[in-house]
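**Q** Before I ask anything, let me first share the structure, which is written out below as C-alpha cells.
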Amino acid sequence: MDSVVPSASAAPAYGDTFIDSLLGNISSLIPTITSDNASHEVGSQIYSGLVNFDKDLKPVGDLAESWEFSKDCRDLTFRLRPGVKWHDGQPFTAEDVVFTWQTIIDPRVPSPYKSEYGLVESVRADGPDVVRVHYSQPFAKALTNWATAMLPKHLLERYVREGRIREAPQNWSAPVGTGPYRFKELRSGEKVVLVSNPDYWEGRPYISRIVYRIIPSQATTFLELKAKGVDAMLLTALQYQRQTSYPAFRQAYQRFRHPGNAYTYVGFNLKDPRFADRRVRQAFAYAIDKRQVMEGVRLGLAREATGPYKPGTWVYTDKVKTYPYDMDKARRLLAEAGWTRNSDGLLVKDGRPFSFELLTNQGNDERKKIAEIVQAQLRELGVTVEIRPLEWAALLKEYIKKRKFEAIVLGWGIGIDPDQYVVWHSSQTGPDQLNHISYANPEVDRLLEAGRTSCVQSERVKYYHQLQEVLADDLPLVFLYFADALPVVASRIHGVDPGPNGVRWQSFKWFVPRPLQRYTAG
C-alpha cells in the first residue's frame, strides 16, 4: 500500500452508500452456476459459505462455527452456527448444506464446479446444526471447497428437480442468501443494488447500500471515479503510475498495490488443427515479447508468468522451459509445422493463409493493448490477426461456452489451493465447464488427480512442480504475466484493512464516519 489509510480512531457509523463498478453485466445471481468475476463479486455479498478466509488467507468459520477431520482425512464434520436466517426469515439448517451439494452435482444443473465434489461420497444432516461429509479418499480441498455459496432449499428445490435452475427467481430477480447484503434491484446493463442485512450473523453492516454500476470501460470508470461517481475500482497500470499521484487524488482516495491472484494469457481453441500443433503454440510464445507486453501494458507492475502458479508461493517453480523473445526460433518452428511464406510475405499451408480472429472483452484497455502487440508481432511472422472486442456477458455466453473462438486474450484467477483440475483436466471440456480451450493431456490429468488426493504439502509440491514442467513444454496457452492488483477506494470509506487476501476481505465492516457521509439510505 502506498497511501495513508484514514484514521482508525473515527467512530463507526451506520448509513451511506458505497458505489462500486463492474466492467461487465453479471451472468447469474446463483454463484454455483457461474464463473465470471462480476457475478461472483455481487454474489459474495448476498451469499455465505460454511467457511471463509481471513486477512492472511487462513480458513475461518462462516456459517459453520467449527469443524473437525477424522484421522484418515476422509470424514469432515461441520457444526453450524445457530440462529442464522435466510434473507426471507427462514432458518438456515444442515438440510440446506446437503441440498447445495446435491444441486452442484445434479446433472440437470449447469455447474462448472461438479468435479470439486467428485470425491464426496455422502453429505448428511445430523439434526439441524451438524453436517457430516464423507470422502472416498483424502482430498486436499476437502475444507476450502465448503467456502462455496450455500443455497436455500425451500426456494430452489422445485427448480432443481425440474432442471430449470436458470429460470428460478433466485437466479435473476429475487436471490435470497445469508450474506451481509440483501438484493434490492437489478437493471441489466446499468446497475445492481444491495441493502444491508439487519439479521446478518456478524451484525448489520455499517454501510447501508451497495450500488454496482455497470460501466463497460476502464477509461470511463476512471473518469467516474475522479468525478466521485464511483467509490472504488481496480486501476490500470497507466492510471496508477501516471494519473493518480497528484496530491488531491491521494487525499481523496486510498491507493493500494499488492501481488495479484490472476494471470493474463493468450489462449487457443485446441480443436482448431492449426493450434493443436504444439510447434505453432511454441512459435507464438517465442514471437510474443513478454517483456514488451509487461512494460508496454503494465509499466512493469507485473511478474512474468511461466505457468499458472504465482511466483513466490509454495507451489511455484521457475525450473521450467521458458520462451524468451526469438523471432528466428519462431520462424523455424512454423516451418517445421509446414507453414511457408508466399510472395506477399504471408504464411501459407495447403494453399490457405494463416489468419485468425483474436477475441477479448470490450472495455478492458490492457487486454486490447495486449491484442494489438500480439497482432503486430505475429504480423512480422506473416500471420494475420483480426482483433474483436466483445461485451463481457456475450463473449462468455455466445463464444467461450459454445467454443466458437479461434484465440482469446483473457485471464484466470487462481484459488487459494493449487488444485486447478477444473481448468486443465480433460474431463472438464463441456460447455458449462472451465477447460475452455479443450486441452487434453493424459500426463497432466494424472498429475492433477495425484495433487488433489494428497493431504501432505511436501508430496503435493512434487506433483505440481511436474505439472508446471509439462504445461511449460506442451504450452496449451501462452502465459503472459501476473499483474499487481491496484485497487483504489475513496478516503471517506474507513476500515479498509489490506493483506494477502486483498483489500475487500471484510468489506462488510467498512464504514463512513457520519460527517463524511454523502448519500441518504433508501
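The values are calculated or read from the model by the stated rules, or taken from the named source; none is laboratory data. Note that the structure is predicted; figures quoted are calculated from it, not measured. As a convention, Cβ positions derive from the backbone with ideal geometry for all residues, glycine included, and neighbour counts pool all protein chains shown. Remember, those area values only see protein heavy atoms, side chains included, never the ligands or the DNA or RNA. Shrake-Rupley method; radii C 1.70, N 1.55, O 1.52, S 1.80 Å.
**Q** Testing Ser438 on (1) touching a helix residue (DSSP H, G or I) at 6+ places or on another chain (Cβ under 9 Å); (2) in a helix (DSSP H, G or I); (3) among the polar types (S, T, N, Q), one condition comes back false. Which one is that?
**A** Exception for Ser438: condition (2).
**Q** Specify the residue that is nearest to Thr77 (Cα to Cα); the eligible residues are those in segment 132-146 that are surrounded by fewer than 18 Cβ atoms within 10 Å (Cβ to Cβ) and not hydroxyl-bearing (Ser, Thr, Tyr). Spell out the reasoning first.
**A** The initial filter retains those residues of segment 132-146 that are surrounded by fewer than 18 Cβ atoms within 10 Å (Cβ to Cβ), namely 132, 134, 136-138.
After this cut, where a residue has to be not hydroxyl-bearing (Ser, Thr, Tyr) as well, the list is 132, 134, 137-138.
Values: Arg132: 5, His134: 9, Gln137: 16, Pro138: 14 Å.
So, considering only residues that are surrounded by fewer than 18 Cβ atoms within 10 Å (Cβ to Cβ) and not hydroxyl-bearing (Ser, Thr, Tyr), the one nearest to Thr77 (Cα to Cα) is Arg132.
**Q** Go through Pro513, Pro498 for me and flag whichever is open to solvent by 30 Å² or more (accessible area, probe 1.4 Å), touching a residue at least 12 places away in the same chain (Cβ under 8 Å) and touching a His at 6+ places or on another chain (Cβ under 7 Å). Don't jump to the end; show me each part of the working.
**A** Working: Pro513 fails: open to solvent by 30 Å² or more (accessible area, probe 1.4 Å).
Sole residue among the options that is open to solvent by 30 Å² or more (accessible area, probe 1.4 Å), touching a residue at least 12 places away in the same chain (Cβ under 8 Å) and touching a His at 6+ places or on another chain (Cβ under 7 Å): Pro498.
**Q** Any idea which of (1) among the charged types (D, E, K, R); (2) under 25 Å from the mean Cα position of the chain (by Cα); (3) not in a strand (DSSP E or B) is the one Glu357 doesn't satisfy?
**A** (3)
**Q** Restricting attention to segment 377-392, which residues are part of a helix (DSSP H, G or I) and open to solvent by less than 50 Å² (accessible area, probe 1.4 Å)?
**A** Looking only at segment 377-392, we keep the residues that are part of a helix (DSSP H, G or I), and these are 377-381, 392.
Within segment 377-392, Gln377, Leu378, Leu381, Trp392 meet the criteria.
**Q** Which residue, of Glu116, Glu95, is among the charged types (D, E, K, R) and within 11 Å of Met150 (Cα to Cα)?
**A** On the way: Glu116 fails: within 11 Å of Met150 (Cα to Cα).
Going through Glu116, Glu95 in turn, the sole match is Glu95.
**Q** Which one is farthest from Val422 (Cα to Cα), of the residues in segment 119-131 that are without any contact (Cβ under 8 Å) to a residue 24 or more places away in the chain and exposed (fewer than 15 other Cβ atoms within 10 Å of the Cβ)?
**A** Step one: of segment 119-131, the residues without any contact (Cβ under 8 Å) to a residue 24 or more places away in the chain are 120-122.
Remaining after also requiring exposed (fewer than 15 other Cβ atoms within 10 Å of the Cβ): 121-122.
On the way: Glu121: 19, Ser122: 21 Å.
Only one residue fits best here, namely Ser122.
**Q** Within segment 167-194, which residues are out of contact with any Leu (no Cβ under 8 Å at 6 or more places or on another chain), part of a strand (DSSP E or B) and surrounded by fewer than 20 Cβ atoms within 10 Å (Cβ to Cβ)?
**A** Hits for segment 167-194 are Glu185, Arg187, Lys191.
**Q** Please verify whether Leu471 is under 19 Å from Thr306 (Cβ atoms), assigned to a helix (DSSP H, G or I), in contact with a His (Cβ under 6 Å, 6 or more places away or on another chain) and open to solvent by less than 20 Å² (accessible area, probe 1.4 Å), treating the condition exactly as stated. Break it down stepwise before answering.
**A** Working: under 19 Å from Thr306 (Cβ atoms): yes; assigned to a helix (DSSP H, G or I): yes; in contact with a His (Cβ under 6 Å, 6 or more places away or on another chain): no; open to solvent by less than 20 Å² (accessible area, probe 1.4 Å): yes.
Judged against the criteria, Leu471 is not a match.
**Q** Consider segment 498-517. How many of its residues are in a loop (DSSP other than H, G, I, E, B), modelled with pLDDT of 95 or more and over 13 Å from Asp20 (Cβ atoms)?
**A** 3
**Q** In the set Ile33, Ile19, which member is farther than 25 Å from Phe222 by Cα, at pLDDT 95 or above and crowded, with 18+ Cβ neighbours inside 10 Å? Steps first, answer last, please.
**A** Values: Ile19 fails: farther than 25 Å from Phe222 by Cα.
None of the other options fit; the residue is Ile33.
**Q** Inside segment 252-266, can you point out the residues that are more than 19 Å from the chain's Cα centre (by Cα) and open to solvent by 20 Å² or more (accessible area, probe 1.4 Å)?
**A** To start, the set of residues in segment 252-266 that are more than 19 Å from the chain's Cα centre (by Cα) comprises 252-256.
Of everything in segment 252-266, just one residue is more than 19 Å from the chain's Cα centre (by Cα) and open to solvent by 20 Å² or more (accessible area, probe 1.4 Å), namely Ala252.
**Q** Tell me which strands (runs of 3 or more DSSP E) are completely within segment 56-114 and hold 3 or more residues being open to solvent by less than 10 Å² (accessible area, probe 1.4 Å), or say none if there are none. Talk me through it step by step, then tell me what you get.
**A** Values: elements: 59-61, 64-69, 75-80.
So the answer is 75-80.
**Q** Can you find a residue that is of a type in the set (S, T, N, Q) and in contact with a Gly (Cβ under 8 Å, 6 or more places away or on another chain) anywhere in segment 259-282?
**A** Within segment 259-282, the subset of a type in the set (S, T, N, Q) is 261, 264, 269, 282.
Of the ones still in play, those that are also in contact with a Gly (Cβ under 8 Å, 6 or more places away or on another chain) are 261, 264.
Within segment 259-282, one or more residues are of a type in the set (S, T, N, Q) and in contact with a Gly (Cβ under 8 Å, 6 or more places away or on another chain).
**Q** May I pose another question? For segment 225-241, give me the residue count where each residue is touching a residue at least 40 places away in the same chain (Cβ under 8 Å) and surrounded by fewer than 18 Cβ atoms within 10 Å (Cβ to Cβ).
**A** Our first condition is that a residue be touching a residue at least 40 places away in the same chain (Cβ under 8 Å); within segment 225-241, this holds for 225, 228-241.
Filter once more, keeping what is surrounded by fewer than 18 Cβ atoms within 10 Å (Cβ to Cβ): 228-229, 234, 241.
Within segment 225-241, residues that are touching a residue at least 40 places away in the same chain (Cβ under 8 Å) and surrounded by fewer than 18 Cβ atoms within 10 Å (Cβ to Cβ) number 4.
**Q** Just the residues that are open to solvent by less than 40 Å² (accessible area, probe 1.4 Å) and in contact with a helix residue (DSSP H, G or I) (Cβ under 7 Å, 6 or more places away or on another chain), please, taken from segment 358-376.
**A** Filtering segment 358-376 down to residues open to solvent by less than 40 Å² (accessible area, probe 1.4 Å) leaves 358-361, 363-364, 366, 370-371, 373-374.
Leu358, Leu359, Thr360, Asn361, Gly363, Asn364, Glu366, Ile370, Ile373, listed by residue number.
**Q** Is it the case that some residue within segment 289-301 is touching a helix residue (DSSP H, G or I) at 6+ places or on another chain (Cβ under 7 Å), among the hydrophobic types (A, V, I, L, M, F, W, C) and more than 18 Å from Gln239 (Cα to Cα)? Write out each step before concluding.
**A** If we filter segment 289-301 for residues that are touching a helix residue (DSSP H, G or I) at 6+ places or on another chain (Cβ under 7 Å), which is where we start, we get 289, 292-293, 296-301.
Then keep just the ones that are among the hydrophobic types (A, V, I, L, M, F, W, C); that gives 293, 297, 299, 301.
From what is left, the residues that are more than 18 Å from Gln239 (Cα to Cα) are none.
Looking through segment 289-301, none of the residues is touching a helix residue (DSSP H, G or I) at 6+ places or on another chain (Cβ under 7 Å), among the hydrophobic types (A, V, I, L, M, F, W, C) and more than 18 Å from Gln239 (Cα to Cα).
**Q** Let me ask you something else. Could you grab the pairs with beta carbons closer than 7 Å, sequence gap of 6+ or different chains, first residue in segment 244-255 and within 17 Å of Leu234 (Cβ to Cβ), second one open to solvent by 30 Å² or more (accessible area, probe 1.4 Å) and among the β-branched types (Val, Ile, Thr)?
**A** Correct list of pairs: Gln254/Val5.
**Q** Where in segment 239-348 are there strands (runs of 3 or more DSSP E), lying wholly inside it, with at least 2 residues that are under 27 Å from Tyr399 (Cβ atoms) and aromatic (Phe, Trp, Tyr)?
**A** Filter on segment 239-348 gives 258-268.
**Q** Now a separate question. Is segment 310-324 home to any residue that is open to solvent by less than 60 Å² (accessible area, probe 1.4 Å), farther than 30 Å from Arg460 by Cα and either at pLDDT 95 or above or touching a strand residue (DSSP E or B) at 6+ places or on another chain (Cβ under 7 Å) (or both)? Outline the logic, then answer.
**A** Step one: filter segment 310-324 for residues open to solvent by less than 60 Å² (accessible area, probe 1.4 Å), giving 310-311, 313, 315-317, 320, 323.
The next check asks that each one be farther than 30 Å from Arg460 by Cα; those that pass are none.
The answer is no, given that none of the residues of segment 310-324 is open to solvent by less than 60 Å² (accessible area, probe 1.4 Å), farther than 30 Å from Arg460 by Cα and either at pLDDT 95 or above or touching a strand residue (DSSP E or B) at 6+ places or on another chain (Cβ under 7 Å) (or both).
**Q** Next question. Note down all Cβ pairs under 7 Å where the first residue falls in segment 1-28 and is under 27 Å from Ala394 (Cα atoms) and β-branched (Val, Ile, Thr), the second is at pLDDT 90 or above and open to solvent by 30 Å² or more (accessible area, probe 1.4 Å), and they're at least six residues apart or on different chains.
**A** That search, which allows pairs on different chains as well, returns Ile19/Arg213.
**Q** Any chance you could count how many residues in segment 464-496 are under 20 Å from Tyr181 (Cα atoms) and either within 21 Å of the chain's Cα centre (by Cα) or of a type in the set (Val, Ile, Thr) (or both)?
**A** The number of residues fulfilling the criteria is 3.
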